[in-house]
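Remarks on the structure that follows.
The values are calculated or read from the model by the stated rules, or taken from the named source; none is laboratory data. Since we're looking at a predicted model, the values are computed, not measured. In this analysis, Cβ positions are derived from the backbone assuming ideal geometry, glycine residues included, and neighbour counts consider all displayed protein chains.
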Amino acid sequence: MTLPSNLAAAAADLIACNKCALCQEVCPAFAATTLETDGARGRNQLIRLLAAGELEPAVHDDLRKRLATCLLCGACTAACPSGVATDQVVVAAREALAGPSGPTGLMGTVLHTVLRHPKALDKVTLPLRLYESSGLRSLLTKGGTRPLPGRIGRMEAMLPALPSRSFRAGLAQWQATIAEVADRWHAKVGVRRQERGVRVAYFCGCLTNAMFGGVAEAVYGVLSLNGYQVGVPDIACCGAAHEAYGDREFLLTLARRNVDALSAPEIDVIVTDCATCAHTLTKYGQLLAGDPAYADRAAQVAAKVREACQLLVEGGFVAPGQAHDAASTPLSVAYHDPCHLARGLGVREQPRQVLQSVPGVTLRELAEPELCCGGAGSFAVTQPAISEQILARKMDDFLATGAAQLATTCPACMLQLGAGLRLGGVAERPVHPCELLWRAYLADADTAGGRP
Amino acid sequence: MSTNRTASRTAGSISTVARAMRDIVGRRWVLDGSLDRSLYAYDAGTVEAAPDLIVLPASGAEVQRIMRTAHRHQVSVVARGAGTCLSGGPVPVQGGIVLALNRMCRILSLDVERRIAVVEPGVINAALQSAAARHGLGFMPDPSSLAISTVGGNAAENAGGPRAIKHGVFRRHQLGLEWVLADGTLVASGELARAGHAAPSRFDAPALNLAALLIGSEGTLGVITRLALALEPLPATSSTLLALFDSPSGAARAVAGLAGAGLCPSAAEIMGRLDIQLANEHLGLGLPAAANALLVIEFDGPGPALPRLVARAAEVARNAGALSAETATDPAARARLWAARRASTGLYGRVRSASISGDVTVPRSRVAELFAAVADLEREAGVPVGMVGHAGDGNLHPAVLFDPTDPGETAAAHALDRAIVAKALDLGGSITGEHGVGVEKLGFMRQAFSPEVLRAFWAIKIAFDPDEILNPGKAIPAVSGSTTADPEWSVPPVHRDGEAPARLVTDPVELARFGLGGPACAAAGLVIPETHEQLVAAVRALVGGGTTVIPIGRGTHAHLAFRPFEGGVAVSTARLDRVISIDPDDLSCVVEAGCTHQTLARALRQLAREGGPHLRYAIDAWRQPDSTLGGEVAMDLPGPGWRGRGATREQILGLTWINAAAEVCRIGARTVKDVAGYDLTRLLCGSWGTLGIIADVTLRLEPAPECEAVLVAHAGHDLARATECAESVRHAVETAMVEVVATDGLAGSGDNGDRDAVSVETGDWSVVIGLAGATEDVAHWQGVVSRLADAGGLRAELAADGPARQALEAARRAHAQAWVTAVLKNRHSHDAADAAPDRGKPSASSAGPFLAAKIKSQLDPNWLFAPMAWVLSDQGYRSGSVTNASQ
């Protein structure tokens, strides 16, 4: 096997690993099994052997399976005193093991067809929408009070309450609603209608579009009310899943498509509510640096990317609840930091600031807010045993805070945390901070009175 | 060669063994694929070697079956916890089985009342810490790896950590162990041996301290399957001082100065220039560039005295030339400081991609010299060296950093590392303070220990694991065919060189003065050597002639130590009574075995009069002033407080003894931490003269407390209430000495120590509570004691000078009496067990005595040393051991 250049670079990086095990201290998968094979240090060892050509091709499949227990949460990389980027090393090894044509089999099919474009995932979601809208779901789960048994039940529990159609499918109607809400809100709140002169491309990712229409609507609504000029471009999947599975070629294809879709000069900011999309988009510059046709534009695109709360805090937003004296309902909220946002982009404070701007909200910090939830995209499905143990740790942490509501900024985390809450008998689903902000704006708009 | 033997014995049978292992633990928990083998081939050190098989048991019973199978097939077994060892301890250098204990990770019980946790070996240290913290308790050993390392691994390495300076290393917190021997035999000790039998005693039963050997044995003596661990109340508050120096010698001076100022910090950590620089760069500490050494000094305690103690420590630091000395009270700042200290070793990867992690110990007074020597070596070799460590106990971690792809630098780095270890030995230190010998320090063992001591190590290894199944090639240096049959390792013949022994005393009156004579202790004679040479000569002559040797001091406890016997010659150390040296900077002294408390106390007072620091031997006040220190060591007299606090064994840094071959053996140094070799000091301590005769002892000293107070609570006729009050104070007040005494004794009405006799006469009881420490803390504890006494319906009153002395004296007698009662009770229960019809049936509690007898037989093949002091009826176990060994 010739050594792919990424793996060669990873191997050079690995020389600095002195096996001190500080990575195992923070590795959620290792904590779940305490098997050396499931920890960052163990993966480094195996990848070192792979790069050195000491592994028989016969064990490559075994190695691929073992590397699948890495969540790519990046906790090891953040903890490594020697600066070894184990998550990048794992990605490089997965690429090398997948080969130039990327993963094959079921996962290959999923990556190349379903996770290609938001619309593709939307189509696949159709039967699930019917399951929800027909009342079958409510019937089978007794209105959500009794989970289905076994593994299927776990996956079923991950499904949020699905709206009847995707965000994009309902966008035109939503724009009309916004316009109507905006009128009332401006009238009530007394904020002068203003344009901030910031043109925003809303990168509505596959998962948000198909399953969390409410989040997308809230983001769109919040930005619109605050005078941002929002457009929803036609985009491809960001490619995060493809990166995770070592499908580098397809990742680059998707990155080029998105750069084409987003490099119009009239776009000031690219905003997304998804931590993973945001993180992946910011890497486009680096990914396409070797492609002269794209390098510059990719770097420009990457530099414009903001997570929704990040944009609100940087660009400004109207704090809700100022215009009237109505008593706000108290709500205690715990915020879960998505790996890709906190460690990936260093965005930690902004979502908390948005949450705290909502009248009545008090923040109750988790003991381990940055511990991965165990969702990690498809990880919850492919590694159910480890995923469930990590989720249990997260849920224990949440319950110990005594908070009523769990918030986060990533739809993949929301799937996983939603399952945890549902199976744990907690009624409230996880929310995006923008959803709470949007609700507060609506309350402002609907409250009688207004500025004296 | 043992290496070849092991290789050949694993090759043929490994697939058979793998099948058998699958039957024991289930398919899923036996790993033998090439990937898994490479995953259990390393620890956090530099040595790698793959096992043939990885087995992950779920219970002690499975470990027993695994060991029986491995023993039958003669396959070596290496126990492994988290693999964070830095010396290659869990690396299977001879292949065989890695026994990964990670699945045995349950906290079996957590007794908040008695502050004892019983855990499986795979429990992660931090998990125990957080479980204990929910009850305001903590487990004191705190190695840097605590978030990931297992308690079993910590035990096998006798792990320390920053808190060790005040709270001691792992061995001090072990209250009982259960382990599996190489042949699958289960052995239990301490708390875990008495489960279901006798009520817990304040005192350890006298017996060879087998558990002490297991702690720090690096998996070469047994597989630990359960541990009973002492938990301590978490200190109410702590305060941290950060002092910067332009040279390490200034920092070292400050550390030495702390003791002189009577200060006992809970941590005193040092970082060198490179480490400060790295922490500045990568953790943004923002320390001044002029700083070449940094001290983190922490104090903990009940609170009131802390500000003053920290201020005084700052003054000490400034007097030693500190550039700055600031108190970090803000928890975030303290956390950052500690993060820097913890992470600094990891940051070495930013300088060079590889490092050799050092772990030497030097006497505290030589820390500056070691720093200087390392700086010189660093300059000569041109290889960077990181320097962090626990300055308070002289345990430093010089890390030689190098680029492994550069052969020249690699060679220079290894040479430099060896030079540092050699330097530490030169300075009177140890080759490893807490990381263990493993394979990385094996080459230094012959430099660090004499052949006699190395032979003793082997004798112990053979008693536990005659076939070298357990972690072969580790901890103690290998020798060709290291078995009992090998002439190189058997006890050499004694050479009689015609030298006349010291005068033999046979006069019954003289014998009686040493507790000998009469039908119970009918020694044939007594020798009282006056010099070390005479002592050696006397022993040589006696053992050479096959005469039984009865080591005694002044005979204070002869009646207790010996079963009725006839014949043999007693050797008394009574006239070897000098204080050899006192080293105030190292807080240690060396005394001859016959030195009494009085003599040592006098020497310490003299030192203070001459302007030296006020020091004391921690348990001075609790001993009969004229009993010998050597005798107390031999008997491991218990300390005054609860749970062996202040026990004699915790005070010993080193020993010199004469073994059964009349050879002089030395172990230990003026350092608190030393994990090289087996813990012979703790084996000899409490061996009651059965393994050799102690010639001199290195003891740790402590700054005399600033303030002392004695409280007395009268309980009238209510003994139960007095006992209850005493217990509650023992639990709540760490530093207290607490005894229930007959109120008669307080009036100074003579030697009325026997409680049972008194209770019949008067039935009047009091609780005596001694407090010591910083003035504010003593006041604080007084309040606590008063409240506890009130709660128990008693009134605790402060005793004035004269009555206080009398109260302490009464308490001392009561304490001694309680211990004597416990010893006799223990002996009776052994005798009863001995007479029982099912005697000899293997059980976890009977395996201990057999093992002890094997050790005795290894170290004293002819049972010449004090057989009458053997706690068990010797003949039975002795012959039992012989039968056992020949099977």
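Condition check ((1) surrounded by fewer than 23 Cβ atoms within 10 Å (Cβ to Cβ); (2) at pLDDT below 95; (3) over 12 Å from the mean Cα position of the chain (by Cα); (4) not in a loop (DSSP other than H, G, I, E, B)) across all residues:
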| position | (1), (2), (3), (4) |
| --- | --- |
| B:644 | yes, yes, yes, no |
| B:649 | no, yes, no, yes |
| B:654 | yes, yes, no, yes |
| B:657 | no, no, yes, yes |
| B:667 | no, yes, yes, yes |
| B:670 | no, yes, yes, no |
| B:675 | no, yes, no, no |
| B:689 | no, yes, yes, no |
| B:711 | no, yes, yes, yes |
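If only residues of the stretch A:7-37 that are within 7 Å of another protein chain (Cβ to nearest Cβ) and of a type in the set (Asp, Glu) are counted, the one that is nearest to residue B:102 (Cα to Cα) is A:36. Screening residue B:37 with (1) assigned to a loop (DSSP other than H, G, I, E, B); (2) within 13 Å of chain A (Cβ to nearest Cβ); (3) surrounded by fewer than 24 Cβ atoms within 10 Å (Cβ to Cβ); (4) not acidic (Asp, Glu) gives one miss only, at (1). Of the residues in the stretch B:555-564, at least one is in a loop (DSSP other than H, G, I, E, B), in contact with a Phe, Trp or Tyr (Cβ under 7 Å, 6 or more places away or on another chain) and in contact (Cβ under 8 Å) with a residue 24 or more places away in the chain.
Restricting B:410, B:345, B:329 to residues that are surrounded by fewer than 19 Cβ atoms within 10 Å (Cβ to Cβ) and within 14 Å of chain A (Cβ to nearest Cβ) narrows the list to B:410. Restricting the first member to the stretch B:90-111 and to residues that are touching a residue at least 12 places away in the same chain (Cβ under 8 Å) and at positive phi, and the second to residues that are among the small types (Gly, Ala, Ser) and part of a loop (DSSP other than H, G, I, E, B), the beta-carbon pairs closer than 9 Å and six or more apart or on different chains are B:95/B:49; B:95/B:50; B:95/B:76; B:96/B:76.
Of B:880, B:848, B:770, all but one fail to be assigned to a strand (DSSP E or B) and either modelled with pLDDT under 90 or under 30 Å from residue B:569 (Cβ atoms) (or both); the exception is B:770.
Every residue, every condition in (1) touching a residue at least 40 places away in the same chain (Cβ under 8 Å); (2) touching a helix residue (DSSP H, G or I) at 6+ places or on another chain (Cβ under 6 Å); (3) basic (Lys, Arg), yes or no:
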| position | (1), (2), (3) |
| --- | --- |
| A:249 | yes, no, no |
| A:262 | yes, yes, no |
| A:281 | yes, no, no |
| A:307 | yes, yes, no |
| A:310 | yes, yes, no |
| A:314 | no, no, no |
| A:320 | yes, yes, no |
| A:330 | no, no, no |
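Screening residue B:483 with (1) assigned to a loop (DSSP other than H, G, I, E, B); (2) at pLDDT 85 or above; (3) touching a Phe, Trp or Tyr at 6+ places or on another chain (Cβ under 8 Å) gives one miss only, at (2). With respect to (1) free of Cβ contacts under 8 Å to residues at least 24 places away in the same chain; (2) within 14 Å of chain B (Cβ to nearest Cβ); (3) of a type in the set (A, V, I, L, M, F, W, C), the lone exception for residue A:80 is condition (1). Among the residues of the stretch A:233-264, which ones are surrounded by 19 or more Cβ atoms within 10 Å (Cβ to Cβ), part of a loop (DSSP other than H, G, I, E, B) and of a type in the set (A, V, I, L, M, F, W, C)? The answer is A:235, A:236, A:237, A:238.
Scanning the stretch B:42-54 for residues that are touching a helix residue (DSSP H, G or I) at 6+ places or on another chain (Cβ under 8 Å), facing chain A (nearest Cβ under 9 Å) and more than 22 Å from residue B:68 (Cα to Cα) turns up just one, B:42. Looking across A:141, A:125, A:109, one residue alone is free of Cβ contacts under 8 Å to residues at least 12 places away in the same chain, more than 14 Å from chain B (Cβ to nearest Cβ) and hydroxyl-bearing (Ser, Thr, Tyr). It is A:109. For the stretch B:279-298, the criterion of being out of contact with any helix residue (DSSP H, G or I) (no Cβ under 6 Å at 6 or more places or on another chain), under 17 Å from residue B:241 (Cβ atoms) and not in a loop (DSSP other than H, G, I, E, B) is met by at least one residue.
Counting only helices (runs of 4 or more DSSP H) that fall entirely inside the stretch B:126-197 and contain at least 2 residues that are modelled with pLDDT under 90 and within 30 Å of residue B:72 (Cα to Cα), the qualifying elements are B:191-194. Of all residues in the stretch B:100-148, those being within 14 Å of another protein chain (Cβ to nearest Cβ) and of a type in the set (D, E, K, R) number 4.
Any residue in the stretch A:369-391 that is charged (D, E, K, R) and at pLDDT 95 or above? Yes; the residues of the stretch A:369-391 include at least one that is charged (D, E, K, R) and at pLDDT 95 or above. Could we say that residue A:40 is more than 10 Å from chain B (Cβ to nearest Cβ) and in contact with a Ser or Thr (Cβ under 6 Å, 6 or more places away or on another chain) here? For residue A:40, the condition - more than 10 Å from chain B (Cβ to nearest Cβ) and in contact with a Ser or Thr (Cβ under 6 Å, 6 or more places away or on another chain) - is met.
Rundown of residues vs (1) aromatic (Phe, Trp, Tyr); (2) touching a Ser or Thr at 6+ places or on another chain (Cβ under 8 Å); (3) more than 23 Å from residue A:116 (Cα to Cα), yes/no style:
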{"position": "A:214", "(1), (2), (3)": "no, no, no"}
{"position": "A:224", "(1), (2), (3)": "no, no, yes"}
{"position": "A:228", "(1), (2), (3)": "yes, no, yes"}
{"position": "A:231", "(1), (2), (3)": "no, no, no"}
{"position": "A:234", "(1), (2), (3)": "no, no, no"}
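The set of residues in the stretch B:398-407 being away from chain A (no Cβ under 14 Å) and buried (at least 16 other Cβ atoms within 10 Å of the Cβ) consists of B:398 alone.
Condition first: assigned to a helix (DSSP H, G or I), more than 8 Å from chain A (Cβ to nearest Cβ) and surrounded by 24 or more Cβ atoms within 10 Å (Cβ to Cβ). Now tell me which residues in the stretch B:348-365 satisfy that. Result: B:364, single match. Restricting the stretch A:83-96 to residues that are under 17 Å from residue A:38 (Cβ atoms) and within 14 Å of chain B (Cβ to nearest Cβ), the residue that is farthest from the chain's Cα centre (by Cα) is A:93.
Looking across B:325, B:293, one residue alone is in contact with a Ser or Thr (Cβ under 9 Å, 6 or more places away or on another chain) and touching a residue at least 24 places away in the same chain (Cβ under 8 Å). It is B:293. Would you confirm whether any residue within the stretch B:441-462 is at positive phi and part of a loop (DSSP other than H, G, I, E, B)? Checked the stretch B:441-462: no residue is at positive phi and part of a loop (DSSP other than H, G, I, E, B). Taking the condition within 14 Å of chain B (Cβ to nearest Cβ), over 22 Å from the mean Cα position of the chain (by Cα) and at positive phi, does residue A:99 pass? No: the conditions fail for residue A:99.
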